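Below is one structure; the comments refer to it alone.
The values are calculated or read from the model by the stated rules, or taken from the named source; none is laboratory data. Since the model is a prediction, treat every value here as computed from it, not as a measurement. Glycine gets a Cβ as well: all are built from the backbone with ideal geometry, and neighbour counts include every protein chain shown.
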Amino acid sequence: MAGQLSRRRFMVYSLAASTLTVAAPLGCDAEPAEGVERARKASDVLVTGADEEMLVLEVTEANKVVVRLPRVEVGQGVTTAVAMMIAEELDARLVDVEIPLAEARTKGNQYTGGSSSVSSLYGPARQLAATARAKLVTAAARRWNLPARSLRTWNTRVIAPDGRSATFGSLTASAAGIQRPAVSSNPKPASRHRVIGKPTTRIDARDIVTGKAEYAGDLTVPGAKPTVVARPPTLGGKIVSVDDRAARAMPGVHAVVKVAGGVAVVADSFHHAFKARDALRITWAPGPLASLSDAAIRSRLRAAVPRLPAPPRGSTQVEREFEFAFVSHAPMEVLTAVADVRAARAEIWFASQTPMDAREAIASAVGLPASKVRVHVVRGGGSFGRRLNHDAAIEAALISKAARRPVKLMWSRADDIRHGRMRPASHHRIRASHAGGRVVAFTHSTASVSESYDGQGLSAQGGPAPVLAPQGGATSALARAGGPLPSDSGLYNFGRVGGDGGSVDLAIPLGAWRSVDSGTSRTAEEIVVDEVSRSLGKDPVAFRRTTLRSKAVKAVLDKVAAAGHWGRALPAGRAQGVAVHEEYGSCVACLVEIDARDPKKPRVTKVVMAADVGTAVNPRGLEAQLMGTAIDGISTILTAGLHIDRGAVRESSYADFHYARQRNAPLRFEAHIMPSRREPGGAGELGVPAAAGAVANAYARATGTKPRRFPINF
């Protein structure tokens with residue numbers, strides 16, 4: 001197929017099979033059905049195969065609809081959203097739809113990130129299911145010798161006017177041979193949706209809460225032994241010498257091997273592995289940042305911010321500077337990977353947002369052709385961008401190769417916080433120039449830490465992964481040396497908008513953190529918008545309403561202002577804050593109330609968010625995403641960041657990396673989903689900048705201060 005496929009233009013193929021199997025290519029240039037198994041045996045279980053770039057739907061004889069998903073589930077609910085799309089078009093029961101995760105393929109799009117999964121799958125998944133439905137109806141019509149248009153589908157069955165019915169599974173073999181269905185294979189119009197748009201409990205919710213859901217640490221791979229690594233006290237530290245005699249002599253220890261990141265211990269249990277790790281006697285050479293701490297990094301960033309150009313003549317300036325700290329991803333499930341590397345092949349199990357890139361990197365690291373490396377994608381317990389990188393999987397593969405046995409590697413919480421990837425620290429300088437009661441120029445220049453390395457060790461492996469740009473947006477800062485760009489979406493009518501970026505290269509492992517650039521750049525801009533409104537003597541909501549370009553953004557702002565009772569009287573030390581954001585073809589507004597009577601222990605008491613994401617496939621899932629972004633905003637503005645002390649990360653766990661706990665969560669949370677029939681936009685990262693900006697603005701109003709360094713209590 002020539003050309004890149006869009007959501008509106010793609011083809012669905014029927015594969016030669018003894019059960020109904022249809023496939024749709026996802027953004028690739030391959031020939032139809034290239035690399036897909038040409039024949040599948042009738043089976044009452046999922047038939048695994050090399051479906052490569054195809055989104056493949058199979059109806060089994062057991063009346064299950066199986067779609068092997070080329071994305072990873074990391075808690076964002078993508079499997080539920082896709083199951084809803086499939087169930088909608090097939091008129092299947094949601095319980096009959098299974099969405100296992102595809103292993104790494106050789107072609108196509110397996111990228112999970114950039115808030116793109118639902119929007120990229122919405123067209124292909126629905127078309128896939130609509131085609132399958134048309135074939136099943138046609139098969140039933142032939143069996144019963146009835147007009148196909150007289151039949152209907154319901155609850156994973158085809159039903160005749162006289163009440164006869166047949167399960168999809170009983171029709172799958174005959175439907176597989178149908179080339180031209182007798183009824184339309186077009187997806188339903190939105191007006192007929194019964195599943196899409198209905199708040200739905202996640203299909204994996206029960207498995208998660210009962211412990212049935214399997215993560216990498218739960219897998220039982222024959223011979224794979226628990227493994228941990230002793231790591232240097234400073235970032236990038238190197239081994240000078242190691243005495244492992246005591247560790248090797250301890251019970252349950254199978255191997256002690258050196259790797260680029262430290263010394264690995266393979267043992268019968270993680271208890272044995274940690275005990276032996278602590279028995280190692282290692283002399284470390286300090287890393288390249290051993291003389292560097294926070295103050296020096298902040299100073300370098302400030303100096304790296306490009307000068308702002310001269311403001312328009314006759315204008316009044318509101319000029320502000322902001323600092324944002326490093327932030328760990330800290331997903332609830334620690335990084336875990338199972339690896340079995342042999343002389344001629346390798347097999348890896350882990351949660352990956354970029355499994356195709358991971359396979360190439362693992363193959364290169366262990367010296368095998370990529371065709372000999374198999375990557376199984378496992379669900380992840382959170383990510384926030386952390387699983388875009390595959391450093392833990394590479395390390396597991398190298399340990400397995402060196403130890404000559406399968407291993408189950410776990411990075412402890414301290415391992416990932418102190419040696420894993422983090423959101424880069426940044427410095428922002430913003431000037432808003434106003435004249436005649438309006439902003440006539442807006443300039444935002446930044447400097448961000450960029451990762452540098454010498455091509456050796458894990459800092460050079462597994463990342464940073466490429467990050468997709470938002471729809472209509474610029475490339476991520478992590479793919480540019482120049483740091484974040486200013487907001488260029490035309491969100492506000494601010495006259496001439498510009499800015500520039502600088503960077504400070506440091507040997508610090510960096511990664512895309514939820515909302516990437518926008519989590520800092522747009523947050524800083526929303527703070528300045530508040531301060532400009534005060535400079536002009538205007539209410540922050542009223543000022544935004546008269547300045548915003550988009551009707552959709554105005555609508556979400558109006559919604560939170562009304563639902564949150566903007567402007568209501570509050571006692572001293574308490575206040576409201578508001579902010580908006582537009583990205584990924586979607587927009588959001590957030591209103592918060594904060595109790596900052598004790599400025600050192602502020603508590604966000606209420607959050608109201610409104611989002612327009614086009615068609616919300618699962619409003620309940622979207623509400624959960626918005627709630628998560630609210631917690632991110634509360635955390636990174638008020639308390640959560642990483643300190644660098646003489647080349648070492650000070651924090652090591654949730655005890656000192658102060659992410660919001662239950663006691664810090666808002667007492668009341670509301671999410672309002674704006675009605676829409678346009679195709680879905682992105683939602684997973686959308687709410688972070690608005691939530692962060694609203695929290696910062698509320699804190700400033702409650703305390704009468706103008707915070708410039710985040711997190712505030714750091």
Single match in Ile399, Ile362 (criterion: in contact with a Leu (Cβ under 7 Å, 6 or more places away or on another chain), assigned to a helix (DSSP H, G or I) and not hydroxyl-bearing (Ser, Thr, Tyr)) | Ile399
Would you confirm whether any residue within region 477-486 is surrounded by fewer than 24 Cβ atoms within 10 Å (Cβ to Cβ), out of contact with any Gly (no Cβ under 9 Å at 6 or more places or on another chain) and modelled with pLDDT under 95?
-> yes
For region 682-714, what are the residues that are in contact with a Gly (Cβ under 8 Å, 6 or more places away or on another chain), crowded, with 17+ Cβ neighbours inside 10 Å and either among the basic types (Lys, Arg) or over 16 Å from Val580 (Cα atoms) (or both)?
-> Tyr699, Ala700, Arg701, Ala702, Thr703, Phe710, Pro711
How do the pairs read when you match residues in region 230-247 that are of a type in the set (D, E, K, R) with residues anywhere that are surrounded by fewer than 20 Cβ atoms within 10 Å (Cβ to Cβ) and part of a loop (DSSP other than H, G, I, E, B), using Cβ under 8 Å and keeping only pairs 6 or more apart or on different chains?
-> Asp243/Leu280; Asp244/Leu280
Which number in (1) in a helix (DSSP H, G or I); (2) in contact (Cβ under 8 Å) with a residue 12 or more places away in the chain marks the one condition that Val209 misses?
-> (2)
Report yes if Ala344 is of a type in the set (A, V, I, L, M), free of Cβ contacts under 8 Å to residues at least 40 places away in the same chain and out of contact with any Cys (no Cβ under 9 Å at 6 or more places or on another chain), otherwise no.
-> yes
Would a scan of region 102-112 turn up a residue that is buried (at least 20 other Cβ atoms within 10 Å of the Cβ), assigned to a helix (DSSP H, G or I) and among the small types (Gly, Ala, Ser)?
-> no
Please work out which one of (1) part of a loop (DSSP other than H, G, I, E, B); (2) farther than 11 Å from Ala447 by Cα; (3) in contact (Cβ under 8 Å) with a residue 60 or more places away in the chain is the condition Pro306 fails and give its number.
-> (2)
Residues satisfying the stated conditions in region 629-679, i.e. touching a Pro at 6+ places or on another chain (Cβ under 7 Å) and either part of a loop (DSSP other than H, G, I, E, B) or surrounded by fewer than 17 Cβ atoms within 10 Å (Cβ to Cβ) (or both) = Thr639, Ala640, Gly641, Gly647
Only unsatisfied item for Phe384, checking (1) modelled with pLDDT of 95 or more; (2) more than 21 Å from the chain's Cα centre (by Cα), is (2)
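Based on this model, can you work out whether Ile348 counts as under 30 Å from Gly223 (Cα atoms), at pLDDT 95 or above and assigned to a strand (DSSP E or B)?
yes
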All but one of (1) assigned by TED's automatic domain parsing to the domain that holds Arg142; (2) part of a helix (DSSP H, G or I); (3) surrounded by 15 or more Cβ atoms within 10 Å (Cβ to Cβ) hold for Lys188, so report the exception by its number.
-> (2)
Just one of the numbered conditions (1) in contact with a helix residue (DSSP H, G or I) (Cβ under 9 Å, 6 or more places away or on another chain); (2) over 30 Å from Tyr584 (Cβ atoms) is not true of Asn145; which one?
-> (1)
Cβ pairs under 9 Å, 6+ apart or interchain, first in region 264-288 and in a loop (DSSP other than H, G, I, E, B), second among the basic types (Lys, Arg), ordered by first then second residue, are Asp268/Lys225; Ser269/Lys225; Pro286/Lys238; Pro286/Arg646; Gly287/Lys238
Can we say Ala363 is surrounded by 22 or more Cβ atoms within 10 Å (Cβ to Cβ), under 26 Å from Val266 (Cα atoms) and either at pLDDT 95 or above or out of contact with any helix residue (DSSP H, G or I) (no Cβ under 8 Å at 6 or more places or on another chain) (or both)?
-> no
